[in-house]
Every structure is written in C-alpha cells, then in structure tokens.
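Working notes, structure below.
Bear in mind that the values in this text are calculations on the coordinates, not laboratory data. In this text, all values refer to a predicted model and were calculated from it rather than measured experimentally. Cβ placement follows ideal geometry from the backbone for every residue including glycine, while neighbour counts extend to all protein chains displayed.
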Amino acid sequence: MSIDQPALTNDQGVRSRFSRFFYSEEVPYGLAIVRILMPLALLVPMLARWSLARELYSTDGAPTPLWFNYGWYNLLPLFSGGVVVAMHTLLIFFLFCSAVGWKTRFSLPAATLLFVYINLCDSVSTITKYSVIASHILLLLSLSHSNAIWSVDAWLKKRKQLRAGERTADAELPRFAIWPQRLMQLMIGIVYFGAAITKMHTPEFFSGEQMQSWLITNVNYNNPIGEYLSLYPASMVFMAYIAIVWEVLFLFLVWRGWGRIAMIGIGTMFHVATCLVLGLYVFPMVCISIYFSFIDERTAIKFGALFSRVREKMGWQFNSAPVAVSTAAPEAGGRFRLPSPIVYCLMMLGVTVFGVELEHRLDRYGVRRPEGPYALKEITDTHLIARMLAAPQPMRTKDMFDTFELGTGFVGGLLFDRRGEFRQGEMIAAQVGLNVPHHDMWLECNLYDSRGNQLDRVGQIVSRETTRANFYYSLNEVLDPGEYFFVLKSGGQEVMRKRIVLKANMKPPVAN
C-alpha cells in the first residue's frame, strides 16, 4: 500500500463487498438460461389447464379466488368465460415468447401479471408452492436484462447493427449489474431455510408418518417407486434428516467452490427423487431452473472452453461464417419487411382469436349441442342409491392396521432390521403400524409354537392418536430351535400373524 493511499475502514470494506456482490457487471448467462427454462416449465401446467380455464377461473364456472378467503370480495374482478380463455391463451403466448426471448421486455411482465392473476383465481388447485416461487422469478426476470443474449431480441438487435455497419459479428457481449440474479439465488436459499424451520416443528416429518402417507397415495401423480419405498419406512427417517441438513446449509454453502457443487448436486438429486417417489412434476422443474442462476460469467466461460475442446476432439463442425453486410442503397422494389413490433402484435392477436375460437368449437359443456347442454344423469340403480344413503358403517378391525413387522433395531422409532430368521439369545421387536382414525384399543402380540400352543402373551393399550405400537421379546435358550408364530390380536380377534425361524445359538468352543 502506498503512503498516499488511504487505508480502507471496516465499514468501507463491507460496503465495497456489498456493492461488488450486487452491482458487479457480468454477461447474464445464468439469467438467460433461467429465462428459457422457467417459462417452459410453467407451460406444462398452463397448457394442461387451458381447456379448463372457463370452469376454473371465470364466472361461467366455479372459481375459488384466494382473496375470498380473507373477506376481500371485490379485491380483483372476475371475468366471463370468453375473456378468461383469451387471457389464458395470451399467457401461453407470452410464456413462449419469454422462453425464446422475443419482445421480452413486454412478454415477461405481461406473463407475470397474467400468471399471478390466474393462479389467484383458483385457490383450490392452481395456486401451489411452485406457482408462488415462479411468480417471484418471473418478476425478477422482468426487471433484468435476461434477453441480452441467447434470444430473438439479441439476434434482431445484432442484425440491425450489422446492417447499419455499427458493429461486427464478434463484438463484445453486453454486461449488466448482477443484482436480479443475486436476488434469485437468495430467494431459493431462503425458501429452503424456511422449509427446514417448518419441518423442524412437524414431528410427523421426522417419524416418517407424513412421508409414508404421501408415498402410498397418488395425491399428485402416479408414483410406483414411492409405493415400493413405503415398504421400508426407516429409509424415510434417514432421508428426512438429510433433507433438513441440506435445506439449512444451502443458503450458507452454495456461493462458491465445492459447497456450491455439493448443495446444487444434492438439490438436483432431491428434486428428481420427489418426481419419482412423490409424483411431483412441475415443482422440480421450477426449482432446478432456478439453480442455473448460480452460473456466473467465469463458470460459463469454463463450460464454453470445455465444449470447444470436446467439439474439436469429436470433429463437430458448425457454420460460423461471418454475415455479409451490404452498404449499398436498397434496390427499388425490394422485399417488404414488416417491423418486428407489428409482427408481434399481429401474432398476439391471431393466437388469441385462434384460442378463443378453438375453445368455442370444442364446446366442453355442450352448450351449442342440438340437444342442449350436458345434464346430470339420474341414478336408477336402487342398490347403489341405498348404499349411498345408508348410515356410515363402522370401520372393520382389520382396516385399522397397516403393517406388522419383526426385527431387532429401530431408527427414529421405525423398525429397520426386518427379517424372519433369528438366533437364540437375540432380542426381537414387533412393530404394528395403524391407520388413523381408529378408536382406543387393547392389542396383544402373542407367541405360538408350530403346534399352535401359546407360549407367551404381551398386551398394551393403544390410544386413538397412536400410529405405531411396539412389542419386545427375548428369545432365550428356553425356546428350542424351530418354527414360531407371532399373532397380533385386537379384542381377542386375530388380525395378522408373522412366521419366524429360530436357530440355535452358535457359541464359540470353550478353551481347555
């Protein structure tokens, strides 16, 4: 440090680091990738719901606006079916234009407003966690220069400049302040941290009960892997603790080096797993799209150099010939080109008219049928009517029980060492899984030999809020090797039984 250079105070150092963190200028590689992937992810549910827009979001159907839940009945207007179909069609158009980067400075804000409004109109099914997260990302993309590269806007701007002779094809890429990208990174980290805090206050998450009930149902979409995984409940406890640790550490370790690689790698595997075992499709796509905001300029350059080496090694050839630009005056009678804004407006109008007309012709509710709108059919089956109107039947005893497993150890209150063969001297644990709701009951887990003789009897009271009951036995040498049965009884009635094979204890030889 020179004598004339003033020393930086600690406050100046903090302000300098803060300024560099948010306002250093970079080429927006990461933002461009998020701009491409996020609208494509949102197109998946929006395209699926387009044919149901009249029913879900308009006054012609049965909308459930979120603001109704808080007593604000006139907060936002609700529109008729035709208007809502036009709005939903425009949303799809704007999301597509945002992904390709065409008129992005208009398409992204318009997509954000329409996406938020349509989600708010259906608080029952459309608005979810991923739609809230995606709304914030769309807003940040609207405030950024994500269209500066890898977009139709950038290509049109480059072509215009080449024609005017203002720049060459290999000019330097534009650079902008990085603060929108930083806010995306902070947002996903804070979302994970908040999710971890919520899980810490949910005992059923750590016991695996919450996850197991999710795995064995198709609340979202079909998840056969989840149904298979539910057979091993101890694995859910292990994964629950891994998820908590990862969600807490993500915000603090994701910024550089191996911490970034580990956090994003684990996060990607976590979200792919939620797709396979929980039937979540859109939520993983939204979160993984945000991960690309962690690609900074240095990382993008490294990947570009790696791709160049791979391309040279594989012999891939791309046409990179420079664009020839003529400086001569345009000839009379040359081709007429519509300006890009006019083409954009015409396409927007054409897509909207096409969408409204297509929905009109589909006529999902049969309004324009010769026989009139669809009507509810009268039930004529007397047995079905009697069954539907009958008093509710009490739950059968066997329906109150889910699992009955035998093992020797527990992880987080769940049996993990499940087996059917034991040796003399081992401690055996029997765990019963119950379905809720159930009443208070007296359970017995009795031991029988192969001839049906009862050897032991163990019982306990199981209260109505209990989901698991444990029984313990010591297989001492009083029991001869052979076949035995553990019989679960409720109210003296046998519900389940498990067979075990008891083997002799292999004692080491005694030294003389």
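Can you list the lysines whose alpha carbon sits under 24 Å from that of K160, skipping same-chain ones fewer than 8 residues off?
K103
Name the residue from G194, P109, A177 whose Cα lies farthest towards the positive end of the charge dipole of the chain, charges +1 on Cβ of Lys and Arg and -1 on Cβ of Asp and Glu.
A177
For a quick check: with amide H placed at 1.01 Å from N, whose amide H comes under 5 Å from S144's, ignoring anything fewer than 5 positions away on the same chain?
HN-HN under 5 Å from S144: empty list.
Would you kindly calculate the mean projected area, averaged across all directions, of the convex hull enclosing the Cα atoms of region 397-503, in square nanometres? Display every interim value, and only then the final one.
Numbers: hull surface 25.3 nm².
So the mean shadow area of the Cα hull is 6.3 nm².
Report, please, the projected area of region 105-256 averaged over directions, based on the convex hull of its C-alpha atoms, in nm².
13.1 nm²
About its Cα centre, how strong a charge dipole does the chain have in debye, to the nearest 20, once Lys and Arg get +1 and Asp and Glu get -1 at the Cβ?
1560 debye
On a straight-distance basis, which lysines could pair with K498 in a cross-link, Cα separation under 26 angstrom, same-chain partners fewer than 8 positions away excluded?
K398, K489
Using bins 10 angstrom wide from zero, how does P(r) for the chain break down, in % of all Cα pairs?
That works out to 3, 12, 17, 19, 17, 13, 10, 6, 2, 1, 0, 0, in percent per bin.
Using only Cα atoms, find the angle between the long axis of helix 104-120 and the longest principal axis of the chain, and express it within 0 to 90 degrees, rounded to the nearest 10.
Result, in degrees: 30.
Once the dipole of the chain is set up with Lys and Arg at +1 and Asp and Glu at -1 on Cβ about the Cα centre, which of Y448, L362, Q210 lies farthest towards its positive end?
Checked the options; the winner is L362.
Sequence neighbours fewer than 8 away in the same chain don't count; with that in mind, list the lysines whose C-alpha is under 22 Å from K129.
K199
Tell me, what is the FRET efficiency for V343 and R105 to the nearest 0.05, using R0 = 22 angstrom and their Cβ-Cβ distance as r?
0.85
Per residue of the chain, what 222 nm ellipticity follows from adding -39500 (n - 2.57) for every DSSP H run with n ≥ 4, rounded to the nearest 500?
-15500 deg cm²/dmol
Per residue and in Å³, how big is the convex hull formed by the alpha-carbon atoms of region 402-460?
Given the Cα convex hull of region 402-460, per-residue volume reads 121 Å³.
How big, in percent, is the set of alpha carbon pairs in region 204-295 lying more than 19 Å apart?
44 percent
Let's test the formula: R0 of 56 Å, r as the Cβ-Cβ distance of E465 and I301. What FRET efficiency results, to the nearest 0.05?
That pair, E465 with I301, gives E of 0.45.
State the extension gain, in nm to one decimal, for the chain segment bounded by A386 and E227, taking 0.36 nm per residue of separation less the distance between their alpha-carbons. Please list the in-between numbers first.
Details: separation 159, 0.36 × 159 = 57.24 nm, distance 3.43 nm.
Value of the extension gain: 53.8 nm.
About its Cα centre, how strong a charge dipole does region 397-503 have in debye, to the nearest 20, once Lys and Arg get +1 and Asp and Glu get -1 at the Cβ?
140 debye
At a Förster distance of 51 Å, what's the computed FRET efficiency of A48 paired with S474, Cβ-Cβ distance as r, to 0.05?
So, using R0 = 51 Å, E works out to roughly 0.35.
What stretch of the chain, leaving out the sites themselves, is the longest with no GluC sites (Glu not before Pro) in a DSSP loop having at most 12 other Cβ atoms within 10 Å?
1-165
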